[in-house]
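Asker: First, the structure itself, so that you have it in front of you.
None of the figures in this text is laboratory data; all of them are computed from the coordinates on show. Because the structure is a prediction, the values reported are computed rather than measured. A quick note on method: Cβ atoms are made from the backbone with ideal geometry, for glycine too, and the neighbour counts reach across all protein chains shown.
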Amino acid sequence: MQTITTIAGLRAALAPHRAAGKSIGLVPTMGYLHIGHMELVRRARAENDLVVASIFVNPLQFGASEDLGRYPRDLPRDQAMLEQGGVDFLFAPGVGDMYPRPMETVVDVPTLGSKLEGEVRPGHFAGVCTVVTKLFNIVGPNRGYFGEKDYQQLAIIRRMAEDLAQPVEVIGVPTVREPDGLACSSRNVYLSPEQRAAAVIVPRALDEAARLIAGGEKDAGRIEAAVRAFVSAEPLAVPEVVALRDPETLAEIAEVGDEPVLLLLFIRFGSTKLLDNRVIGTNTVKQ
Ligand SMILES: Nc1ncnc2c1ncn2[C@@H]1O[C@H](COP(=O)(O)OP(=O)(O)OP(=O)(O)O)[C@@H](O)[C@H]1O
Ligand SMILES: CC(C)(CO)[C@@H](O)C(=O)[O-]
Ligand code: BAL
């Protein structure tokens, strides 16, 4: 695996492969890799001739009061994992390589991007869309791989790629979990042992919602309130977003019908925010 830090360097390295007609899979990350990221790499490796991973902690998607400065980093460990996973090129630019001048251009998907996580992190998804578009332009991948753990991000990137006719197939990869069900996330390392133990409430809350729906509860407001109460019973957990939504549009729903519904959670433990979600009700879908 070759690690490249400049845009020009990566373009030059990819040019002969592109000319030879090789397909390219891109796995964008912010580093501090775990088995969830490696599942994205595994899919990309299986589906493309060439795999490019990127590690870039993108300042544009962090709010002023967020954890940009303390975001966990370990490049040598990440490099070893990516090499092991069969990645061909690691693009690991510095902020000055990626943004030599302050960015004037913004890519935004404002309706999808201002809901839910966008409501608590204003500007976050514009930062994500802008950097992902720039990565697509630099790498020119046939396919881009994104985790379903960040459900809203995936939905927004799909919409952006469709609206802008970006010549990339956006691939969603199912969430990889710890043995107790907690979704793998780079931010899990911020949790104290007590918070880590308490965080199992997050996947359990998804189970609770599925149980309520399987038991015939249809009222979205009642399901959200019950899940919020379920999470709040854990003293270390603060439910910031508990939302039952349409899985495609993320629009609010009043009632669970025959179609699957999305439950999206954004739960805080101290200053650490954990995301999770589940699409529930596929077994009730009309045949
Ligand atoms: N558990 C997981 N399973 C599958 N994909 C994942 C998982 N965790 C992260 N990803 C995906 O990996 C990509 C890079 O994510 P990122 O580097 O932000 O890691 P992260 O663990 O989500 O970090 P954070 O804790 O900051 O949210 C994203 O597309 C994200 O959805
Ligand atoms: C897609 C991404 C790498 C863009 O910075 C980031 O939002 C992430 O890690 O999910
Ligand atoms: N994992 C999504 C990127 C972020 O939280 O900034």
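Asker: Report, in debye and to the nearest 20, how large the dipole of segment 186-277 comes out about its Cα centre when Lys and Arg carry +1 and Asp and Glu carry -1 on their Cβ.
Answerer: Dipole about the Cα centre, nearest 20: 500 debye.
Asker: Mind sorting Ser23, Ser185 by how few other Cβ atoms lie within 10 Å of their own Cβ, fewest first?
Answerer: Ranked by crowding around the Cβ, least crowded first: Ser23, Ser185.
Asker: Further question on the same structure: Excluding Leu182 itself, what net charge comes from residues whose Cβ is under 9 Å from its Cβ, given Lys and Arg +1 and Asp and Glu -1?
Answerer: -1
Asker: Among the lysines, select those whose C-alpha is under 27 Å from the C-alpha of Lys134, and discard any that sit fewer than 8 residues away in the same chain.
Answerer: Lys22, Lys115, Lys149, Lys273
Asker: Let me ask you something else. Farthest toward the dipole's positive end in the chain, which of Asn188, Ala205, Ala44, given Cβ charges of +1 (Lys, Arg) and -1 (Asp, Glu) about the Cα centre?
Answerer: Ala44
Asker: Please compute the alpha carbon radius of gyration of segment 186-277, then divide it by the globular-protein estimate 2.2 N^0.38 Å. Two decimals is fine.
Answerer: Segment 186-277 yields a ratio of 1.09.
Asker: How big is the charge dipole of segment 2-173 about its Cα centre, in debye rounded to the nearest 20, if each Lys and Arg gets +1 on its Cβ and each Asp and Glu gets -1 on its Cβ?
Answerer: For segment 2-173, the charge dipole is close to 240 debye.
Asker: Where a ≥ b ≥ c are the square roots of the eigenvalues of the C-alpha gyration tensor, would you call segment 2-173 rounded, which needs a/c under 1.5, or, failing that, prolate if a/b is larger than b/c, or oblate?
Answerer: It comes out rounded by the Cα gyration axes.
Asker: Nothing charged except the Cβ atoms of Lys and Arg (+1) and of Asp and Glu (-1): what's the magnitude of the dipole of the chain about its Cα centre? Round to the nearest 20 debye.
Answerer: It works out to roughly 600 debye.
Asker: For Glu162, Glu208, Glu169, what ranking results if the residue with the fewest other Cβ atoms within 10 Å of its Cβ goes first?
Answerer: Result, fewest neighbours first: Glu162, Glu169, Glu208.
Asker: Can you give the convex hull volume per residue for the Cα atoms of the chain, as a whole number of Å³?
Answerer: 141 Å³
Asker: Follow-up. Can you tell which of Asn142, Pro260, Val241 lies farthest toward the positive end of the dipole of the chain, using +1 and -1 charges on the Cβ of basic and acidic side chains (Lys, Arg; Asp, Glu)?
Answerer: Asn142
Asker: If we count other beta carbons within 10 Å of each Cβ, what is the order of Arg222, Arg158, fewest first?
Answerer: Ascending Cβ contact count within 10 Å gives the list Arg222, Arg158.
Asker: Now for a different question. Considering only Gly86, Leu112, Gly270, whose Cα is most displaced toward the positive end of the charge dipole of the chain, charges sitting on Cβ of Lys, Arg (+1) and Asp, Glu (-1)?
Answerer: Toward the positive end, the furthest listed residue is Gly86.
Asker: Using the per-residue mean of other Cβ atoms lying within 10 Å as a proxy for protection, in what order, highest first, do the peptides 94-103, 33-42 fall?
Answerer: The densest-packed peptide leads the list: 33-42, 94-103.
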